[in-house]
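First up is the structure itself, then whatever we jot down about it.
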Amino acid sequence: ELRAGMNRFVENGLFADERFFHLFSFDLRRGDPASVLAAPNAVVLSERLANKLFGDEDPVGKSLKFRNSFLVCDLNVTGLVKEPPRNSHLQFDYLVSAASLAANADTSDWFNSWSTAAFWTYIELKEGASPAFVARKLETLLQNGDGVKETRRVGVSLQPITEIHLKSRVAGETASNNRIRSVRLFGSIALIILLIACINAMNLSTARASTRTKEICIRKVAGGKRAQLLGQFLGESYLFAGLALLLSVPLFYTGFPFFADFLGTGQTLSEIDAVPLVLSVLGTFLFVGFFSGLYPAIVLSGFQPAALLKRQFVRRTKGIGIRNVLVVLQFAAVIGLLIGAVVIAKQMRFIQNKNLGYDRRNVAILELKDDASKSAAAVLKARLEEYHGISSVSVSDSTPLRFGFSVGGSAVQREDGETVKIDYNMAGVDGDFLEVYGIQAAAGRNFSSSSPADGDGAIVNEAFVRKMGWKEPIGRKVGNRTVIGVVEDFHYNTLHKEIEPAVFSPKPMAFGTLYLGVRFRPGNSSGVMAEIGAILDEIVSSPSFSLYLLSDAFDGQYREERRLAVMIGFLEGVAVILGGMGLYGLATFATQRRTKEIGIRKTLGASMFQILRLISAEFLVLIAVSNLIAWPAGFFLMRKWLQEYVYRCSFGLETLILAGSGAMLIALVAVGLHTVKASSANPLDSLRYE
């Protein structure tokens, strides 16, 4: 929280040392890069925040009050910086000098301990230096730095800044990371859809070869060279690709804002680098025109005039083998996407129905962020408990979704008496926390306001007990606290991560956000939320709070996965439509090629079902082969995707059969629509000239 006079805002900031503007190229508008963050209690404001706090006044040299979870002090504005660009992994509204923490009595030890895990460290290597060599040296330096045995290996891995957003997998990173998986997934699906469309064009062009035999014959007799015909047919392919490109441009400009909003990136067209975009579009145009037109051009230009004049039509089997291969590949891609859609949907259902170790239903969360509202937390709790629709209320510095703060390298005794270091998350709660969130006790007891000794007590989770190898945890020491109880494990991380050791203390932290967890009786969530808002307005006049349902916040944790599921479903729909259209077109030419055969069979008494089975059989065989290709590939890729989750659903043969059956159904519909029409025609129409 930052306050200047009557202006008070809760903004996003970072602590940084004096080398920050030497290492990074952020645009410092006011101040000396070497000194703006050198002194204690110095702060650099973004131009936007400076305008909010001080209006049109010059902010440099002015003071403001600062409060966060670790530091309360007056800060002196030493500089102004332009807002970080959106594509930077470091996003901030202000920078406070790290020297402020070093000068603060409560945090000065952070700079003198090997166990501190409070900072991100950026290292500029000399030209030609080996990152792996530097990492090994740092690992040797950190291992057992203070002589206490680690329960975990101290691993050091250096990574380029440019890889943080897309390729980093570091927990607690300064920005969302590991996005390369989504980029590759969406890119792969887009490429698959593009290939399906190209394969459709190739199949339909070669299937229509018989309609262009006279044109090809006349051109060759008139002296046309094969190279000229190749150029003509490739030119036609590029013409269609160009028309599609022209149609895609307005679609892109119209749909991009909706797409960016759906993905939650907030990106605008002006922020896109035009050169890579134009080059990728031109590359796609060249690839599509060449890939979809080359094989038909080779087939059509290879017809021999003498054979065409004698037989009046191209040999019926010409190109059928290649077309069958293309159909197999096309539907293997469709089946693979169907497998992906089914598995992602199963994982979303698994997440929704997983027993998390706490009850997220019928719980509202009230976040109190400023001093006025936090000082009224006890009064708010008492008033809320009087409301008949509320069963219990808890005041804490954590919730199951925003759980505590990380304590790194704390020394604790194992069962055998050996002292080791352990990392855990610590939360300050009251005696109602477990009841409000439905967390179950495994041993010992809860905190009690009637027991003064509980002020130095602690409750741990089962993961902590397992990590330490305790057989009897009650009475053990965690720092200067005595364990009085153990709770069953609950997922305070997402299901991507394993449940980690956790410790509860009986008093919420004075700094940072306070959370009022409110468990209400089922069936009246809107009424309870309105009542909470009314009580809050009555007691606290500050706007610095948030009110939401715990279930909604839980759903928000998996927003990216839900977006992925929706996007996969949409793209799968596009692929299915394209695959169905291609198969329908091939079925059209297949029935045209066998019109007289169908007429003869009908004359001899064949039923519509028999003719449908005859025409459909060849396509269903191709789909069966597609299944044999898609099943192992889809199984392997989705197993790999699920490995991102420590807790995940299972899938097996039933999922593969479901996807394969869906593809079979698509084929039957696409082929059946035209076959039924052909089989219901009067056989005399096809035989009258025989």
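The values are calculated or read from the model by the stated rules, or taken from the named source; none is laboratory data. No experiment lies behind these values; they were computed from the predicted model shown. When we count neighbours, we look across all protein chains shown, and the Cβ atoms used for this are built from the backbone with ideal geometry, even at glycine. For accessibility, only protein heavy atoms count, side chains too; no ligands or nucleic acids. Shrake-Rupley method; radii C 1.70, N 1.55, O 1.52, S 1.80 Å.
Would you mind getting the accessible area per residue of segment 545-610, heavy atoms of the protein chains only, 1.4 Å probe, in Å²?
Values: 3260 Å² over 66 residues.
About 49 Å² of surface per residue is accessible.
What dipole magnitude, in Debye to the nearest 20, does segment 320-400 give about its Cα centre under +1 on Lys/Arg Cβ and -1 on Asp/Glu Cβ? Don't skip to the answer; put the middle values down first.
Working: 10 positive and 7 negative charges, 114 e Å.
The calculated dipole for segment 320-400 is roughly 540 debye.
Just want to confirm a number: the relative contact order over segment 1-96, from Cα pairs under 8 angstrom separated by 6+ residues, in percent. Don't skip to the answer; put the middle values down first.
Working: 179 pairs, mean separation 37.8, N = 96.
Relative contact order of segment 1-96: 39 percent.
Through the Karplus equation 6.51 cos²θ - 1.76 cosθ + 1.60, θ set to phi - 60°, convert the phi angles of segment 434-439 into ³J(HN,Hα) values in whole Hz; use x for Gly and Pro.
Calculated HN-Hα couplings, in order: 5, 5, 4, 9, x, 8 Hz.
Taking a 19 Å limit on the Cα-Cα distance, which of the listed pairs 52/82; 421/467; 354/640 fall beyond it?
Working: 52/82 14 Å; 421/467 11 Å; 354/640 21 Å.
Violating the 19 Å limit, Cα to Cα: 354/640.
Nearest 10 degrees, 0 to 90: what angle lies between the long axis of helix 525-539 and the longest principal axis of the chain (Cα atoms)?
So the helix axis and the longest Cα principal axis differ by about 30 degrees.
Along the charge dipole of segment 555-675, which of 647, 631, 556 sits closest to the positive end, that is, farthest toward it, with unit charges on the beta carbon of Lys, Arg, Asp and Glu (+1, +1, -1, -1)?
Farthest along the dipole direction, towards plus: 631.
How would you rank 490-498, 449-457, 339-347, 365-373, highest first, on the average number of other Cβ atoms within 10 Å across their residues?
Values: 490-498: 17.3, 449-457: 12.6, 339-347: 21.6, 365-373: 19.7.
Top of the packing list down: 339-347, 365-373, 490-498, 449-457.
Give the residue from 31, 669, 512 lying farthest towards the positive end of the charge dipole for the chain; charges sit on Cβ (+1 for Lys and Arg, -1 for Asp and Glu) and the dipole is referred to the Cα centre.
Projecting each Cα onto the dipole axis, the largest value belongs to 669.
Rank these residues by their accessible area, most exposed first, probe 1.4 Å: 350, 133.
Working: 350 55, 133 105 Å².
The residues order as 133, 350, largest area first.
With +1 on each Lys and Arg Cβ and -1 on each Asp and Glu Cβ, how big is the dipole of the chain about its Cα centre, in debye rounded to the nearest 20? Please list the in-between numbers first.
Numbers: 73 positive and 63 negative charges, 1013 e Å.
The calculation lands at about 4860 debye.
Hey, of [x] 3, 14, 24, 25, 19, 10, 4, 1, 0; [y] 2, 11, 16, 19, 17, 12, 9, 7, 5, 1, 0; [z] 2, 12, 20, 21, 19, 14, 8, 3, 1, 0, which did the structure itself give for P(r) over Cα pairs in 10 Å bins from 0, in percent when calculated?
The value matching this structure is [y].
What lysines does residue 507 reach when the alpha-carbon gap must be under 23 Å and sequence neighbours fewer than 8 apart in one chain are set aside?
Residue 507 reaches 369, 374, 381, 477.
Ignoring ligands, DNA and RNA, please state the percent of accessible area on the chain from carbon and sulfur, probe 1.4 Å.
Working: 20880 of 35730 Å².
Carbon plus sulfur share of accessible area: 58 percent.
Sort 474-484, 121-131 for me by packing, meaning the mean count of neighbouring Cβ atoms within 10 Å per residue, highest on top.
Working: 474-484: 16.7, 121-131: 8.9.
Listed from highest to lowest mean packing, they are 474-484, 121-131.
Got the relative contact order for the chain handy, in percent, Cα pairs under 8 Å and 6 or more residues apart?
Working: 1017 pairs, mean separation 96.4, N = 690.
14 percent.
What is the extension gain from residue 190 to residue 12, computed as 0.36 nm multiplied by their sequence separation minus the C-alpha to C-alpha distance, in nm to one decimal?
Values: separation 178, 0.36 × 178 = 64.08 nm, distance 3.61 nm.
Full extension of this stretch gives 60.5 nm more.
How much mean residue ellipticity at 222 nm does the chain get from its helices, if each DSSP H run of length 4 or more adds -39500 (n - 2.57) and you divide by all residues, to the nearest 500 deg cm²/dmol?
Taking each H run of at least 4 residues, the total per residue is -16000 deg cm²/dmol.
Around residue 226, with a cut-off of 14 angstrom between Cβ atoms, what is the net charge of the other residues, counting Lys and Arg +1 and Asp and Glu -1?
Working: positive: 219, 220, 225; negative: none.
For residues surrounding residue 226, the net value is +3.
Roughly how tilted is helix 320-353, in degrees to the nearest 10 and between 0 and 90, from the longest Cα axis of the chain?
Long axis of 320-353 versus the principal axis of the chain: about 20 degrees.
Among 431, 465, 444, whose Cα projects farthest towards the positive end of the dipole of segment 398-467, with charges put on the beta-carbon of Lys, Arg (+1) and Asp, Glu (-1)?
465
Each residue of segment 550-567 in order: what ³J(HN,Hα) in whole Hz does its phi give by Karplus 6.51 cos²θ - 1.76 cosθ + 1.60, θ = phi - 60°, with x for Gly and Pro?
For segment 550-567, the Karplus-derived couplings read 4, 5, 5, 5, 4, 4, x, 4, 10, 4, 5, 5, 5, 4, 4, 4, 5, 5 Hz, x marking Gly and Pro.
Would you kindly derive the ³J(HN,Hα) couplings of segment 374-390 from the backbone phi angles with the Karplus curve 6.51 cos²θ - 1.76 cosθ + 1.60 (θ = phi - 60°), listing them in order in whole Hz, with x for Gly and Pro?
5, 5, 9, 4, 5, 5, 4, 4, 4, 5, 5, 5, 6, 6, 5, x, 10
With a 10 Å radius around each residue's Cβ, average the other Cβ atoms per peptide and rank 53-64, 617-628, highest first. Please report the intermediate quantities before stating the final value.
Numbers: 53-64: 14.4, 617-628: 17.8.
Highest-to-lowest ranking by the protection proxy: 617-628, 53-64.
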